[in-house]
Amino acid sequence: MILKRLSVNNFKNIQEASLDFSPSINCLLGNNGMGKSNLLDAIYFLSFARSFSGMADSKLMLRGSDFMMLRGEYRRNGLDEELTAGLVAGRRKSMKRAGKEYQRLSDHIGLFPAVLISPADGDLITGTGEERRRFMDIVISQSDTVYLDHLIRFGRFLQQRNKMLHDRVVDHNLYMAIETAMSVSAHYITDRRRQWVDELTPIFTRLYRLIAGDGETPRITYRTHLADDVAYEALLDNARRHDEAVGHTSVGPHRDDLELELNDLPVRRAASQGQCKSFTIGLRLAQFEFLHRSAGLTPLLLLDDIFDKLDATRVERIVSIVRDSQWFGQIFITDTNRDHLDSIMRLTGAEYRMWLVDNGNFTMI
């Protein structure tokens, strides 16, 4: 899949921009705060109908503007396709494919896959379990629409049960009805996560060792309350008295986590800064390869200032993976250093285009 052209109006600090991209590598050069990452976020928004920053939609519009518009022209499975995303102040956002609006935004997820690698990925290691669950959910949802439906369904019933706990509802039959519905989705979610970790682990292990070299053993372990032989309704029933005391549901897929280790020690405590960054880049590249295999499409690869704080050897290894792999297609790279980008481009030997970014303006150089 290739993004041929992107038009942006009033998105973050970009008032107006139209860029024709190389099908190979596209570089965005500029100081921090100039709009490089914002352009990547516009591309991300067209894939996921939301910002990678987690910012509320209303905050994405250029200050002083009352609308935002994005338009992407793609080459997908040999056909030209157009996506548009629009937002008007006080209204629901709109996503259209070939001029036809989605009735459910969830129907769009996975059709135009993208993988973003950014400094914020450090939260996968240092952040809470919520960050790692979001990582699992974003990846699996792009390859399994049934999973996304169960995720939405479980979240809706979880919200209902939490409200019942907060309001101190005592109707046992009502709890049973809600918990039975939750159980169906909970088992699907945990089974699919377990399967996904089994599929991702060998891909990630191989890629991490290509980045870091031999002698380091990474490991990903899925932690869940829900075992194969345990009914979720029973867990909820046993926990209800405790849940009533704390006012929320304490067991279930919304509490799952990934345990990340390097040489049998937690990455967050035992790894160096370079090892942590190598670990997260390995996870994202594994995500890319997994999506390519499962979806049959080559995702867009967005690299947002990822080479900072990596030694030259690891940078060269990462570039070699991207250059030599059969999986990678169109790539977008941001950096603040022209010499850095030039040296990376020399390593790839690929055709590329480069823009200078200054206060939301893009000039090809």
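The values are calculated or read from the model by the stated rules, or taken from the named source; none is laboratory data. Note that this is a predicted model, so its numbers are computed, not measured. No Cβ is skipped: glycine too gets one built from the backbone with ideal geometry, and neighbour counts run over all protein chains shown.
Just name the residue that is nearest to the chain's Cα centre (by Cα) out of those in the range 235-261 that are under 22 Å from Arg194 (Cβ atoms) and among the aliphatic types (A, V, I, L, M).
My answer is Leu258.
If I go through the range 66-98 residue by residue, how many of them are of a type in the set (Ser, Thr, Tyr), surrounded by fewer than 17 Cβ atoms within 10 Å (Cβ to Cβ) and closer than 20 Å to Leu19 by Cβ?
0
State all residues of the range 54-65 that are small (Gly, Ala, Ser) and either closer than 21 Å to Leu148 by Cβ or surrounded by 20 or more Cβ atoms within 10 Å (Cβ to Cβ) (or both); if no residue qualifies, say none.
The one that is small (Gly, Ala, Ser) and either closer than 21 Å to Leu148 by Cβ or surrounded by 20 or more Cβ atoms within 10 Å (Cβ to Cβ) (or both): Gly54.
Which condition number in (1) closer than 15 Å to Ile140 by Cα; (2) surrounded by fewer than 17 Cβ atoms within 10 Å (Cβ to Cβ); (3) of a type in the set (Ser, Thr, Tyr) is the one that Ser272 fails?
Of everything listed in (1) closer than 15 Å to Ile140 by Cα; (2) surrounded by fewer than 17 Cβ atoms within 10 Å (Cβ to Cβ); (3) of a type in the set (Ser, Thr, Tyr), Ser272 misses just condition (1).
Residues in the range 200-217: is at least one under 23 Å from Glu130 (Cβ atoms), surrounded by fewer than 16 Cβ atoms within 10 Å (Cβ to Cβ), in contact with a helix residue (DSSP H, G or I) (Cβ under 9 Å, 6 or more places away or on another chain) and charged (D, E, K, R)?
Checking the range 200-217: not a single residue is under 23 Å from Glu130 (Cβ atoms), surrounded by fewer than 16 Cβ atoms within 10 Å (Cβ to Cβ), in contact with a helix residue (DSSP H, G or I) (Cβ under 9 Å, 6 or more places away or on another chain) and charged (D, E, K, R).
I'm checking my understanding of the structure. Among residues of the range 135-167 that are of a type in the set (Lys, Arg) and touching a helix residue (DSSP H, G or I) at 6+ places or on another chain (Cβ under 8 Å), which one is nearest to Ala286 (Cα to Cα)?
The extreme case among them is Arg153.
Yes or no, residue by residue, for (1) closer than 30 Å to His166 by Cα; (2) assigned to a loop (DSSP other than H, G, I, E, B):
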| position | (1), (2) |
| --- | --- |
| Ser250 | yes, yes |
| Leu291 | no, no |
| Leu297 | no, yes |
| Leu303 | no, no |
| Val322 | no, no |
| His340 | no, no |
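Tell me which residues, restricted to the range 226-236, are assigned to a helix (DSSP H, G or I) and either in contact with a helix residue (DSSP H, G or I) (Cβ under 6 Å, 6 or more places away or on another chain) or not assigned by TED's automatic domain parsing to the domain that holds Thr249 (or both).
Tyr232, Glu233, Leu236
In the range 255-278, how many residues are assigned to a helix (DSSP H, G or I) and touching an Asp or Glu at 6+ places or on another chain (Cβ under 9 Å)?
Qualifying residue count, the range 255-278: 6.
Can you tell me which residues in the range 25-66 are over 18 Å from Asp304 (Cβ atoms), not basic (Lys, Arg) and not in a helix (DSSP H, G or I)?
Ala49, Ala56, Met61, Leu62, Gly64, Ser65, Asp66
Go through the range 29-53 and give me each residue that's basic (Lys, Arg) and crowded, with 19+ Cβ neighbours inside 10 Å.
Within the range 29-53, just Lys36 meets the criteria.
Answer yes or no: is there a residue in the range 344-358 that is among the aromatic types (Phe, Trp, Tyr) and crowded, with 19+ Cβ neighbours inside 10 Å.
Within the range 344-358 (the criterion being among the aromatic types (Phe, Trp, Tyr) and crowded, with 19+ Cβ neighbours inside 10 Å), the answer is yes, since at least one residue qualifies.
Among what's in the range 67-101 and is in a loop (DSSP other than H, G, I, E, B) and among the aliphatic types (A, V, I, L, M), pick the residue that is farthest from Arg50 (Cα to Cα).
Here the residue is Ala98.
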